[in-house]
Every structure is written in C-alpha cells, then in structure tokens.
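Trainee: If you scroll down you'll find the structure; I have some questions about it.
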Ligand code: DGP
C-alpha cells in the first residue's frame with residue numbers, strides 16, 4: 001500500500017526506532033508514547049484491521065504474538081505488559097495497517113478503559 005505510513009516504515013521510506021525486524025514482522029517505538037515503554041508490533045503483510053483477519057492471513061497474527069513474547073524477554077518486561085489493538089473509529093484506530101501496541105513500565109491496574 002503506497003500511502004500507508006506503516007508500509008513506508010517497513011519499506012524504509014520513513015525512519016523508525018526499531019527494536020526488531022525479520023521478513024514477516026517489524027517492531028518499533030511509538031512516536032507518541034503513552035507509557036514509559038510503548039512500542040508497536042506490526043505484521044509486514046498489509047492487513048488493514050482486525051476485521052480483515054482471515055484463515056489465510058491469521059498465521060501472521062500468531063507470529064506477531066511469538067515476537068511479542070520474544071521482545072518481552074529482550075526488553076526485560078518482567079513486571080508485565082499490556083497488548084492493545086485498536087480496531088475502527090470508535091476504538092481510535094488511526095493507522096489502517098494492523099498493529100499491536102505493547103505498553104509497559106508502569107502499573108496499569110485492572111481497568112482497561
Ligand atoms: P492506533 O491509534 O491504534 O492506530 O495507533 C497508531 C499509533 O501509531 C499511534 O500511537 C501513533 C503511532 N504512529 C503513527 N505514525 C507513526 C510514525 O510515523 N512513526 C511511529 N514510530 N509511530 C507512529
């Protein structure tokens with residue numbers, strides 16, 4: 001997708017503070033962090049949103065979570081972390097390329113919203 005900001009980061013057209021990259025996934029720090037640790041884990045395949053996950057592409061999502069587990073160890077998120085996916089307007093999704101926020105570094109408590 002030529003006008004997708006995350007595709008541009010994946011293609012190297014826009015810089016990002018990367019934590020991890022392989023042929024299927026990229027992880028980089030969020031430009032507007034909402035916690036002391038806030039990074040995004042993004043499948044390289046352009047899936048616009050959670051509503052577009054299918055049997056054909058769900059393997060990419062499973063792989064994202066493998067990488068989240070790896071990054072939790074790499075980044076020493078031993079106290080715990082939260083994984084957030086915003087889907088659609090009411091949830092505040094601003095970038096239409098599937099991504100998972102990983103938030104950590106503070107006590108977030110039991111409430112989600
Ligand atoms: P969401 O609202 O769930 O669609 O989250 C999109 C996130 O992406 C938001 O927290 C800000 C972040 N973001 C948007 N543009 C860029 C960018 O160019 N670089 C980085 N590192 N993060 C970005």
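Throughout, read-outs are computed from the coordinates displayed, never taken from laboratory work. A quick note: this is a predicted structure, and the numbers were derived from the prediction, not measured. Every residue, glycine among them, receives a Cβ derived from its backbone with ideal geometry; neighbour counts consider all protein chains shown.
Trainee: Restricting to Cα pairs below 8 Å that are 6+ residues apart, what does the relative contact order work out to for the stretch 8-60? Please round to a whole percent.
Mentor: 24 percent
Trainee: State, to one decimal in nm, how far the label point of residue 1 lies from the label point of residue 62, with both points 7 Å from Cα in the Cβ direction.
Mentor: Result for the modelled spin labels: 2.4 nm.
Trainee: Along the Cα→Cβ direction, 7 angstrom out, place labels at residue 69 and residue 29. What is the inter-label distance in nm?
Mentor: Inter-label distance under the simple model: 2.7 nm.
Trainee: Apply the a/c threshold of 1.5 to the C-alpha gyration tensor of the stretch 1-76 and tell me whether it is rounded, prolate or oblate.
Mentor: Oblate, because a/c is 1.5 or more while a/b does not exceed b/c.
Trainee: Classify the stretch 50-113: rounded, prolate or oblate, from the alpha-carbon gyration tensor (a ≥ b ≥ c, eigenvalue square roots; a/c under 1.5 rounded; otherwise prolate if a/b is larger than b/c)? Walk me through the numbers on the way to the answer.
Mentor: Details: a/c = 2.62, a/b = 1.28, b/c = 2.04.
Cα axes put the stretch 50-113 in the oblate bin.
Trainee: For the chain, what relative contact order do you get, as a whole percent, if you take Cα pairs closer than 8 Å and at least 6 residues apart?
Mentor: Once normalised by length, the contact order is 30 percent.
Trainee: Also, I was wondering about something else. Could you check which residue among 77, 98, 40 shows the biggest mean-square fluctuation in a GNM of the chain with a 10 Å Cα cutoff?
Mentor: 77
Trainee: Report the label-to-label distance for residue 106 and residue 50 in nanometres (one decimal), using points 7 Å from each Cα along the Cα→Cβ vector.
Mentor: For residue 106 paired with residue 50, the spin-label model returns 2.2 nm.
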